[in-house]
Amino acid sequence: MITIKTDAELNCMRESGRLTKNVLELLGKSIRVGMTTKELDKIAFDYIKSCGATPSFLGYGGYPASICASIDEMVVHGIPSDETIIKDGQLVSIDVGVIYNGWHGDAARTFMVGNVSEEKKRLVKVTEECFFKAIEHLSDGSPLGNIGYNVQTHAESNGYSVVRALVGHGIGREMHEDPSVPNYGKKGTGIRLKKGMTIAIEPMINMGSYQVDFLRDGWSVVTRDRLPSAHYENTVAITDNGVEILTL
Ligand code: MF3
Ligand code: CO
């Protein structure tokens, strides 16, 4: 079921969105070569708690941490670990979700640590652009399929591929609500977006093929060819005059 948020509910989503953004900004300032992903997780947990909010990932389907930290060929859902030390030149995709006053925010950034190669930098840049292409002409009445179409067109025209095994989603009182928001698809297809819908748009873009493997830890998703991947996600609201980004 797709939920439509009232103006008052949207204000709550703005607050959880702002908090989500703040966590990512803090992690972006904190991330260093030599740090472990577990240390980043602790920074996120402590900050979220200090705001009177709840980390939504922690305990979700048994997930053991507050953030996902996915390095290079890992697409998403990397579990923070004492053993995962961040190295120079890596792409570290951090995904975080919070619940504040009963409302969810969900967002992700791919951080470039130290001296990152030009080809990885381009992947991160194009992945971010995919998100902005997706929302560019989006408004009340737009077909949902336009999101995927625009992400896929931008990614593929840059020689990259779009992960299909994982998708974006509606968000509100639940982290995952209807509709599913694929990063691939056909223009003009799907349900019509409506004012008051809130969705998480999250392109996951691979340098090589779109295929992924699910690792035996039950969470980690990696590219099958083990080439790098990048992730960029924001929670957005459909408004009268377009799209409002709640986590930027
Ligand atoms: N943020 C992810 C999403 O966009 C969910 C992370 S899975 C979790 O759907 F288990 F870590 F919560
Ligand atoms: Co999400």
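The values are calculated or read from the model by the stated rules, or taken from the named source; none is laboratory data. These numbers come from a predicted model, not from an experiment. Every residue, glycine as well, gets a Cβ built from its backbone with ideal geometry; the counts of neighbours run over all protein chains shown. Heads up: the accessible areas ignore ligands, DNA and RNA and are worked out on the full protein's heavy atoms, side chains in. Shrake-Rupley method; radii C 1.70, N 1.55, O 1.52, S 1.80 Å.
Just a few scattered comments:
- Calculated on the Cα set of the chain, radius of gyration then Dmax: 16.9, 48 Å.
- Top positive-direction residue, dipole computed over the chain with Cβ charges, set Gly17, Phe214, Ile31: Gly17
- Over 20 Å [Cα-Cα, the stretch 106-195], rounded percent: 39
- Cα gyration tensor shape of the stretch 1-97, rounded if a/c is under 1.5, else prolate or oblate by comparing a/b with b/c: prolate
- Kirkwood's formula applied to the C-alpha pairs of the stretch 142-236 gives a hydrodynamic radius of 13.9 angstrom.
- Straight-line cross-link reach from Lys21 at under 27 Å between alpha-carbon atoms covers these lysines, not counting any fewer than eight positions away in the same chain: Lys5, Lys29, Lys38, Lys42, Lys49, Lys87, Lys120, Lys121, Lys125, Lys133, Lys194, Lys195.
- Helices that extend 24 Å or more along their long axis by alpha-carbon positions and average at least -0.5 on the Kyte-Doolittle scale are, among the DSSP H runs of the chain, 7-30.
- Estimated FRET transfer efficiency (Ile245, Asp88; beta-carbon r; R0 22 Å; 0.05): 0.10
- Model label zone, Asp213; criterion: amide N under 12 Å from point 7 Å along Cα-to-beta-carbon; scope the stretch 59-83: 74
- Label-point gap, in nm, between Lys186 and Arg173 - each point 7 angstrom along Cα→Cβ: 3.6
- Accessible surface of the chain [probe 1.4 Å, protein heavy atoms]: carbon and sulfur percent: 50
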